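K.L.:
Starting off with a structure, shown below.
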Amino acid sequence: MPDRLVLLGSKGGPALRPGGPWPSSSLLQIGGRSIVVDCGLGVTRGLVDAGLSLKALDLIFITHLHSDHVLELGPLIHTAWTAGLATPVGVFGPPGTDHYWRCFCQAMEFDIEIRLVDEGRPDIRELVSIVEFGEGEVVGQGGLTVSALRVDHPPVTDCFALRFEHGGKSVVFSADTAFYPPLADFSQGADILVHEAMLEDGIERLVAKTGNGARLKDHLLASHSFAEEAGRIASDAGVKRLVLNHLIPADDPEIGEADWIAAVRKTWAGDLTIARDGLVVGLSGGKAAQGEETA
Ligand SMILES: [Zn+2]
Ligand SMILES: [Zn+2]
């Protein structure tokens, strides 16, 4: 299995629009492990389309409990279970993740109990272990290291950037955050930095379309980063590739890839990928992976 990153859902925020992209989720395959990062709506569809057997579900990380990052966590695991999942799944998330999971299983109790009896499946509640983490090292096993950095995403306080390292390769996810300089140290020398981004031009039109105007705009400005700011972090960190993800706006017909590139080029001159659902970014160096597109 080649090391790769697949951007499954590339838009920021929970809204869905006709033909538009899905909320946040990614698949990172590194050192033989398949790691799901965030479980926004569409994650199950995205994983299947990326060629992952749901029975092979292994590790899941949740950066924070906003719905565009966690809404489909339960449905993903449940769908994997009905597809024959019989091996343990480790879920790592901020405080509150265990509550989400227990309540999900409670909401699905009828279906779970009936399948245990009717289909003889292992108990889904025993297959899943939830680990709630804070800042620092989250995982250190079999050559895989995962560490977390609390970022700046008010009013959510438990929101964590994640750094995955294996065999000399490293990938960092910024999670949702306003411009946060400590991310540059945290991302130092990473092969890939996946950073959230928004474009100033699109915010006004997005806010008008969504209908709760001023409050939404205030939230976006206080809690998210402009593309130029993501580029600044990437430059200060000296990463090998910057991936702009969690795009706001993601589905404005007046904004295209060229606009994102123009904004980020003010602060970042290195390798660049603008996320799109299903896009594959190779991690082995050299040859581009199939389906990969870069700019
Ligand atoms: Zn988000
Ligand atoms: Zn968020």
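K.L.:
For the stretch 34-80, report the translational diffusion coefficient in µm²/s to the nearest whole number, using Stokes-Einstein at 10 °C, 1.306 mPa s, and a Kirkwood Rh over Cα pairs.
P.N.:
Diffusion coefficient, whole number: 152 µm²/s.
K.L.:
Where both residues lie in the chain, what percent of DSSP beta bridges are antiparallel, nearest 5?
P.N.:
55 percent
K.L.:
Can you compute the charge dipole magnitude of the stretch 174-279 about its Cα centre, using +1 on each Lys and Arg Cβ and -1 on each Asp and Glu Cβ, nothing else charged? Give it in debye, rounded to the nearest 20.
P.N.:
80 debye
K.L.:
On to the next question. In whole Å, how far is the Cα centre of the stretch 93-116 from that of the stretch 136-158?
P.N.:
Taking the Cα centre of each part, the stretch 93-116 and the stretch 136-158 sit 24 Å apart.
K.L.:
Sequence gap at least 6, Cα distance under 8 Å: using those rules, report the relative contact order of the stretch 1-81 to the nearest whole percent.
P.N.:
28 percent
K.L.:
Please report the net charge: other residues with Cβ closer than 10 Å to the Cβ of His166, K and R +1, D and E -1.
P.N.:
0
K.L.:
Please get the size of the charge dipole for the stretch 96-150, origin at its Cα centre, with Cβ charges of +1 on Lys and Arg and -1 on Asp and Glu, quoted in debye to the nearest 20.
P.N.:
160 debye
K.L.:
Given contacts defined as C-alpha pairs under 8 Å and at least six residues apart, what's the relative contact order of the chain, whole-number percent?
P.N.:
Computed over the chain, the figure is 18 percent.
K.L.:
Here is a further query. Relative to the present Cα-Cα distance, how much length would full extension add between Lys266 and Ser53 at 0.36 nm per residue of separation?
P.N.:
Here the segment from Lys266 to Ser53 would lengthen by 72.6 nm.
K.L.:
I've got another one for you. Report the relative contact order of the stretch 13-151, percent, no decimals, based on alpha-carbon pairs under 8 angstrom and at least 6 residues apart.
P.N.:
19 percent
K.L.:
Which shape class applies to the stretch 47-116: rounded if a/c is under 1.5, otherwise prolate when a/b exceeds b/c and oblate if not, where a ≥ b ≥ c are the square roots of the Cα gyration tensor eigenvalues?
P.N.:
Oblate, because a/c is 1.5 or more while a/b does not exceed b/c.
K.L.:
Looking at the square roots a ≥ b ≥ c of the eigenvalues of the Cα gyration tensor of the stretch 89-211, which shape do they give, rounded for a/c under 1.5, prolate if a/b is larger than b/c, or oblate?
P.N.:
Oblate.
K.L.:
Against the longest principal axis of the chain, how steep is helix 200-210, in degrees 0 to 90 to the nearest 10, with axes from Cα atoms?
P.N.:
The angle comes out near 50 degrees.
K.L.:
Taking only DSSP H segments of four or more residues, each worth -39500 (n - 2.57), what value at 222 nm results for the chain once the sum is divided by all its residues, to the nearest 500 deg cm²/dmol?
P.N.:
-8500 deg cm²/dmol
K.L.:
When a/c is below 1.5 the answer is rounded, else prolate if a/b is larger than b/c, else oblate, so apply that to the chain with a ≥ b ≥ c taken from the square roots of the Cα gyration tensor eigenvalues.
P.N.:
prolate
K.L.:
Calculate the spin-label point distance for Thr145 paired with Cys103, positioning each point 7 Å from the Cα along the beta-carbon direction, and give it in nanometres.
P.N.:
About 3.6 nm separates the two model spin labels.
K.L.:
Please arrange Glu229, Glu113 by how many other C-beta atoms lie within 10 Å of their C-beta, fewest to most.
P.N.:
Ordered from fewest to most neighbouring Cβ atoms within 10 Å, Glu229, Glu113 come out as Glu113, Glu229.
Throughout, read-outs are computed from the coordinates displayed, never taken from laboratory work. Predicted model only: the values in this text are computed from it and were never measured. Virtual Cβ from ideal backbone geometry, glycine too; neighbours counted across all protein chains shown.
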